[in-house]
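Taking it in order: structure first as structure tokens, then the write-up.
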Amino acid sequence: MASTSPQNPSVRSASVPQVSIPANEIHVYDAEVGWRNLLPDLQELHKYRFLLRNLVVRDLKVRYKNSVLGVLWSLLNPLLMMVVFSLVFGVLSNNDIRQYSVFFLVGLMPWNFFSGSVLSGANSITGNAHLVKKVYFPRLLLPVAALMSNLVNFFIALAVLVVFLYASGIGLTVHALWVPLLLFTQILFTLGLAFMLGGLHVFYRDIMMILDVLMLAWFFLTPVMYPLSRFGEQVTILGIPFMPAQVMRWLNPMASIIDGYRTVLWGTISSAGHVSAGPAAMDPAYLLRTFVTAMIVLVVGYLVFARRQHLFAEAL
């Protein structure tokens with residue numbers, strides 16, 4: 001299926017700044033997408049990088065439009081959640097985790113980035129139907145822009161976390177150098193889900209309703225407000241011994257990612273309850289396995305999205 005850009009090279013939208021497209025340029029979608037399309041897609045994303053920047057700016061402006069506090073909500077939201085969960089979790093569980101507010105905040109920051117990116121990425125195509133139906137541009141830009149706008153909020157909130165780390169006497173250690181690798185792995189995993197869900201949501205509108213419930217369950221199955229060691233060191237079911245914490249890492253990449261952030265920024269808690277004095281080095285094998293999982297999810301998500309993108313305008 002081919003789509004020809006409008007004869008007027010200047011395309012204006014109320015929500016996106018001016019986009020210039022050559023009048024004689026013809027774009028052909030290949031439904032039999034494969035690895036051979038990956039490099040052209042990356043080149044096209046680079047070609048439209050100015051549009052990506054405009055989409056990110058637009059998303060940020062829309063998010064804080066008519067808001068009194070504006071971008072300050074990126075700082076207040078995790079702080080308010082930290083206060084609530086610290087009080088509730090401390091009362092209900094007789095919590096004795098040292099500096100629990102920092103412990104919780106270290107897990108909450110990456111989770112908010114993940115959940116916000118997945119939800120907005122899933123809605124990125126349907127939420128921009130007016131653009132998809134009117135003008136050509138790489139559809140991959142929309143999930144990427146959704147993730148990047150949430151990444152901006154993550155960096156803003158990260159400043160609060162650093163302040164809390166120093167205020168609590170923990171500070172940043174050499175182990176914090178793992179954070180960029182953890183963040184890169186999380187971005188790959190999240191972007192793969194955003195591609196997959198964004199492409200499927202165009203055809204199956206139930207996805208957002210299912211995703212709302214799934215993300216809530218995922219939150220409680222991820223060690224955000226409790227340590228991964230709470231799952232115990234080893235249990236036996238039907239005569240088969242296994243380590244619940246290790247299985248959780250295998251089945252839930254976000255468990256490994258958040259536990260990694262917590263290890264290098266706050267510290268560790270062993271299954272026996274021993275707490276480290278401060279941040280510690282993480283096991284590279286855990287990060288490598290999670291990175292491989294993230295790459296697989298990214299590839300699958302890209303293929304699902306790319307095979308359906310030529311039908312987006314028709315389905316919308």
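Looking only at segment 185-223, residues that are among the hydrophobic types (A, V, I, L, M, F, W, C) and free of Cβ contacts under 8 Å to residues at least 24 places away in the same chain come to 7 in all. Might you let me know whether segment 265-272 holds any residue that is closer than 30 Å to residue 164 by Cα, touching a residue at least 60 places away in the same chain (Cβ under 8 Å), over 19 Å from the mean Cα position of the chain (by Cα) and surrounded by fewer than 14 Cβ atoms within 10 Å (Cβ to Cβ)? No, because not a single residue in segment 265-272 is closer than 30 Å to residue 164 by Cα, touching a residue at least 60 places away in the same chain (Cβ under 8 Å), over 19 Å from the mean Cα position of the chain (by Cα) and surrounded by fewer than 14 Cβ atoms within 10 Å (Cβ to Cβ). Being of a type in the set (Ser, Thr, Tyr), outside any helix (DSSP H, G or I), at pLDDT 90 or above and out of contact with any Cys (no Cβ under 6 Å at 6 or more places or on another chain) holds for only one residue in 117, 124, and it is 124. For segment 250-264, residues that are more than 17 Å from the chain's Cα centre (by Cα) and among the β-branched types (Val, Ile, Thr) total 2. Confirm whether residue 37 is at pLDDT below 80 and under 30 Å from residue 310 (Cα atoms). Answer is yes for this residue. Contact map, segment 147-163: residues that are in contact (Cβ under 8 Å) with a residue 12 or more places away in the chain and assigned to a helix (DSSP H, G or I) paired with residues that are buried (at least 17 other Cβ atoms within 10 Å of the Cβ) and charged (D, E, K, R), Cβ distance under 8 Å, separation 6+ or inter-chain. Pairs shown: 149/59; 149/63.
Out of the residues in segment 249-264 meeting the condition of being in contact (Cβ under 8 Å) with a residue 24 or more places away in the chain and aliphatic (A, V, I, L, M), tell me which one is surrounded by the most Cβ atoms within 10 Å (Cβ to Cβ). Applying the filter and picking the extreme gives 257. Using the structure shown, decide if residue 212 is charged (D, E, K, R), within 19 Å of residue 114 (Cβ to Cβ) and surrounded by fewer than 21 Cβ atoms within 10 Å (Cβ to Cβ). Yes, satisfied.
Please specify each residue of segment 150-196 satisfying the condition of being small (Gly, Ala, Ser) and surrounded by fewer than 19 Cβ atoms within 10 Å (Cβ to Cβ).
Within segment 150-196, 159, 167, 168, 169, 171, 176 qualify.
Just to be sure before I move on: is residue 275 over 24 Å from residue 173 (Cα atoms) and not charged (D, E, K, R) in the structure I sent?
no
Please find, among 295, 282, the residue that is outside any helix (DSSP H, G or I), under 25 Å from the mean Cα position of the chain (by Cα) and closer than 20 Å to residue 257 by Cβ. Going through 295, 282 in turn, just one is outside any helix (DSSP H, G or I), under 25 Å from the mean Cα position of the chain (by Cα) and closer than 20 Å to residue 257 by Cβ: 282.
When every residue of segment 170-184 is checked against the conditions, none turns out to be under 17 Å from the mean Cα position of the chain (by Cα), at pLDDT below 95 and outside any helix (DSSP H, G or I). Restricting attention to segment 217-247 and to residues that are β-branched (Val, Ile, Thr) and closer than 15 Å to residue 257 by Cα, the residue that is modelled with the lowest pLDDT turns out to be 247.
The values are calculated or read from the model by the stated rules, or taken from the named source; none is laboratory data. None of these values were measured; they are calculated from a predicted model. Don't worry about glycine lacking a Cβ; one is built from the backbone with ideal geometry, like all the others, and counts go over all protein chains shown.
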